[in-house]
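The structure under discussion appears below in the form of structure tokens.
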Amino acid sequence: MIRQKKLGLGMGIDMEWNGKFGFNKRPDGKDSINERVSSFIEEYREVFNYLFIAFQPRSYNVLRAEEYFNAYDSIYRTLPDYYVKVFHHTLLNMGTMERYDRSEIFQFTNKLIDRYDIKWIVEDLGIWTIKGKPLPYPLPPLMTEEGLENCIKNVKEIMNGLNTTLCVEFPGYTEGTNFHIGKYNAYEFFKILSDETNCYVTLDIGHILSYQYLIGNTGNKMFNDLDKLPLQQCKEFHLSGCSITNGKFRDLHHGVLLNEQISLLEYLLPKCENLVGVTYEDPKYRENGLLIEKSLPNFYKMKEIVDNWQNCNQYG
Amino acid sequence: MDNGSISLYECLYNLIHKKSYREAYLQRDYSALKLNDSDLIHLTTIDDDELIKTAQKTKLYLYKGNTSSNGGLSYYFPITISVLEKDLEINIFEYIDEFMESCYFDLYTEVPFTGKGTCIQESFYLFVSSYFMNNESAKYVVDLCLFEFYNSIYSMILTNINYNFKIHSTNLIHKNNNIFWSTISLTSLLINKLKTNYNIPNEEEIIYLFCINKDNKIIKGEINEGINLIISHHNVKKILAKKDEITKNNLSENDLLTLTSLMVEKGMIYDNL
């Protein structure tokens with residue numbers, strides 16, 4: 001594995017269409033980022049070194065990259081040249097057990113990769129749609145031998161089909177709209193998948209915590225079993241706002257990081273020698289672009305930890 | 001796999017989308033799940049509360065939509081749903097459960113990568129139409145649903161020139177190259193229910209047209225019987241060939257030619273002379 005330059009902190013934004021955080025969609029196709037996102041990027045441009053956009057479909061048209069160029073151009077042109085661009089996919093559906101034709105998805109994605117020099121594509125390993133119908137939250141794949149074989153097959157196909165690096169993200173086990181079928185230990189499942197395909201991985205710290213909660217590794221046991229993960233193949237961490245409600249973990253993406261996420265970040269950083277970046281996913285900010293007050297304490301803690309890590313570990 | 005057994009993946013689909021299947025599971029009626037014994041063991045990891053919440057949220061998103069592209073059934077069928085609830089005292093969420101149990105729901109796809117299916121609007125209309133099939137007193141509900149189906153699908157076709165779904169009801173949505181059209185007879189009862197939301201003038205009975213013309217512009221509104229007779233013939237050559245048949249229906253030859261010329265001008269039929 002080639003050691004890469006550490007990028008430090010990145011921002012990840014789920015770009016809605018006509019939502020609070022996202023693009024203004026226009027009937028003439030001349031879409032653009034909205035004022036709120038624009039203000040946020042301007043305010044924190046110097047803090048981050050890379051950006052991911054999470055894909056949301058713009059329309060019910062056959063997937064064509066050209067339909068998204070105006071919108072994506074508008075956000076990328078606000079960034080300095082040194083910014084690395086990453087794309088969080090939502091269509092790869094790596095956990096599906098059905099015949100799933102990705103040719104249109106590859107064509108679409110490779111045009112984006114080409115246009116924007118996207119350095120890696122990330123998506124949560126899981127079942128995003130089933131028989132063409134979306135789920136409210138991606139479910140973990142079937143945690144069975146057959147489920148694992150299928151994931152391996154899907155990941156290999158995707159690695160072959162994309163013109164850039166794929167990072168497979170450890171799935172979430174959040175309370176509220178998420179359950180799983182099958183007894184395979186998720187860390188072992190993920191490690192085998194990574195070993196068999198030689199893919200890079202993304203570890204979402206909240207997703208890791210959600211699984212720790214599920215298997216009873218809470219409190220002092222929070223760091224147990226993490227060595228079972230493919231830490232050497234980890235390229236990226238995600239941190240997004242989470243909460244714990246009635247002893248259950250919730251992946252809320254509301255911008256406010258838990259103390260446990262900060263502790264886990266500190267613990268895992270030195271163990272992931274090939275890590276390139278830490279993404280603050282779905283920050284929440286006001287109209288003027290400033291982060292909401294509740295998110296600030298742990299945002300700054302995360303920033304300090306990541307800055308120190310980056311400064312001490314420029315390459316490898 | 002044994003005869004009659006389904007896969008674990010199919011089971012997952014049913015658990016989320018089919019209320020009767022989910023309830024059989026929650027009551028631990030395993031024989032009803034149609035799984036192999038070797039697959040049953042994998043279900044022990046399911047958190048029942050989470051399964052219920054996932055199913056509820058799936059249903060809620062069907063009702064109110066989940067993205068800016070998908071408005072949900074409440075957005076596409078506001079009058080139909082209001083009539084179901086108020087006139088027929090149907091609990092809409094229980095009705096949606098029945099919809100999700102139906103084969104019409106299975107036709108629907110939001111993304112096409114496992115094969116193109118119908119849009120949710122068509123799927124729902126087909127269900128409502130089937131549900132009230134032998135119920136003459138509820139025919140007006142089916143017609144309301146048809147109107148709202150037309151209204152939403154024509155908007156979708158207009159804004160999605162390369163749409164990624166199939167239109168199953170080609171007997172209702174007529175297509176001739178890139179012209180689409182449908183007509184519906186609106187009685188005074190239907191007009192009364194629809195007029196506020198859809199800006200229909202207060203009339204006794206009208207024929208209402210939805211059309212996307214050859215220039216991808218939408219034309220909708222009241223039409224006369226003449227236009228209704230002509231439009232089904234698609235192009236000028238066919239219209240002139242069927243002139244005698246068309247003019248049997250209280251339409252003079254002069255009016256036929258005038259209307260044909262107007263419809264060509266508006267891009268509703270092709271001039272292939």
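Just a few scattered comments:
- For segment A:193-207, a residue qualifies if it is touching a residue at least 60 places away in the same chain (Cβ under 8 Å) and either within 21 Å of A:D251 (Cα to Cα) or not in a helix (DSSP H, G or I) (or both), and the qualifying residues are A:Y200, A:T202, A:L203, A:D204, A:I205, A:H207.
- B:T183 vs. criteria surrounded by fewer than 19 Cβ atoms within 10 Å (Cβ to Cβ), within 16 Å of the chain's Cα centre (by Cα) and more than 14 Å from chain A (Cβ to nearest Cβ): yes
- Checking each residue in segment B:101-119 for being part of a loop (DSSP other than H, G, I, E, B), under 13 Å from the mean Cα position of the chain (by Cα) and more than 10 Å from chain A (Cβ to nearest Cβ) picks out no residue at all.
- Of all residues in segment B:33-47, those that are within 8 Å of another protein chain (Cβ to nearest Cβ) have Cβ atoms under 8 Å from Cβ atoms of residues that are part of a loop (DSSP other than H, G, I, E, B) and among the small types (G, A, S), 6 or more apart or on another chain, in B:H42/A:G182; B:T45/A:G182.
- Residue match in segment A:27-48 (condition: within 18 Å of A:L290 (Cα to Cα), under 19 Å from the mean Cα position of the chain (by Cα), of a type outside the set (A, V, I, L, M) and modelled with pLDDT of 95 or more): yes
- Taking segment A:8-19 as the range and being in contact with a helix residue (DSSP H, G or I) (Cβ under 9 Å, 6 or more places away or on another chain) and more than 24 Å from A:V278 (Cα to Cα) as the test, only A:W17 passes.
Residue-by-condition table, conditions (1) over 20 Å from B:N216 (Cα atoms); (2) in contact (Cβ under 8 Å) with a residue 24 or more places away in the chain; (3) touching a Lys or Arg at 6+ places or on another chain (Cβ under 9 Å); (4) among the aliphatic types (A, V, I, L, M):
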{"residue": "B:Y140", "(1), (2), (3), (4)": "yes, yes, yes, no"}
{"residue": "B:D143", "(1), (2), (3), (4)": "yes, yes, no, no"}
{"residue": "B:F149", "(1), (2), (3), (4)": "no, yes, no, no"}
{"residue": "B:I153", "(1), (2), (3), (4)": "no, yes, no, yes"}
{"residue": "B:L158", "(1), (2), (3), (4)": "no, yes, yes, yes"}
{"residue": "B:N164", "(1), (2), (3), (4)": "no, yes, yes, no"}
{"residue": "B:I167", "(1), (2), (3), (4)": "no, yes, yes, yes"}
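- Only residues that are farther than 18 Å from A:N308 by Cβ, touching a residue at least 60 places away in the same chain (Cβ under 8 Å) and not in a loop (DSSP other than H, G, I, E, B) were counted in segment A:244-267, giving 5.
- Members of segment B:11-32 found to be of a type outside the set (A, V, I, L, M), more than 9 Å from chain A (Cβ to nearest Cβ) and either within 23 Å of A:G132 (Cα to Cα) or touching a Leu at 6+ places or on another chain (Cβ under 8 Å) (or both), listed by number: B:N14, B:K18, B:K19, B:S20, B:Y21, B:R22, B:Y25, B:Y30
- Enumeration of residues in segment B:48-74 that are of a type outside the set (K, R) and either in a loop (DSSP other than H, G, I, E, B) or touching a residue at least 40 places away in the same chain (Cβ under 8 Å) (or both): B:A55, B:T58, B:L62, B:G65, B:N66, B:T67, B:S68, B:S69, B:N70, B:G71, B:G72, B:L73
- For the residues B:A24, B:A55, the requirement of being among the aliphatic types (A, V, I, L, M), surrounded by 18 or more Cβ atoms within 10 Å (Cβ to Cβ) and farther than 23 Å from A:E98 by Cα singles out B:A24.
- Of the strands (runs of 3 or more DSSP E) entirely within segment A:4-107, those holding at least 1 residues that are within 13 Å of chain B (Cβ to nearest Cβ) and either among the hydroxyl-bearing types (S, T, Y) or surrounded by fewer than 22 Cβ atoms within 10 Å (Cβ to Cβ) (or both) occupy A:8-14, A:22-24, A:50-54.
- Only a single item in (1) within 11 Å of chain B (Cβ to nearest Cβ); (2) at negative phi is not met by A:W120, and it is number (1).
- Residue ID - surrounded by the most Cβ atoms within 10 Å (Cβ to Cβ), chosen from residues in segment A:264-316 that are polar (S, T, N, Q) and touching a Gly at 6+ places or on another chain (Cβ under 7 Å): A:T279
- Helices (runs of 4 or more DSSP H) contained entirely in segment B:226-266, each with at least 2 residues that are polar (S, T, N, Q), without any contact (Cβ under 8 Å) to a residue 24 or more places away in the chain and surrounded by fewer than 19 Cβ atoms within 10 Å (Cβ to Cβ): B:253-265
- Members of segment B:203-212 that are surrounded by fewer than 18 Cβ atoms within 10 Å (Cβ to Cβ) and within 24 Å of the chain's Cα centre (by Cα): B:E205, B:I207
The values are calculated or read from the model by the stated rules, or taken from the named source; none is laboratory data. All of these numbers come straight from a predicted model, not from anything done at the bench. Neighbour counts are summed over all protein chains in view; Cβ atoms, including those assigned to glycine, are modelled from backbone coordinates with ideal geometry.
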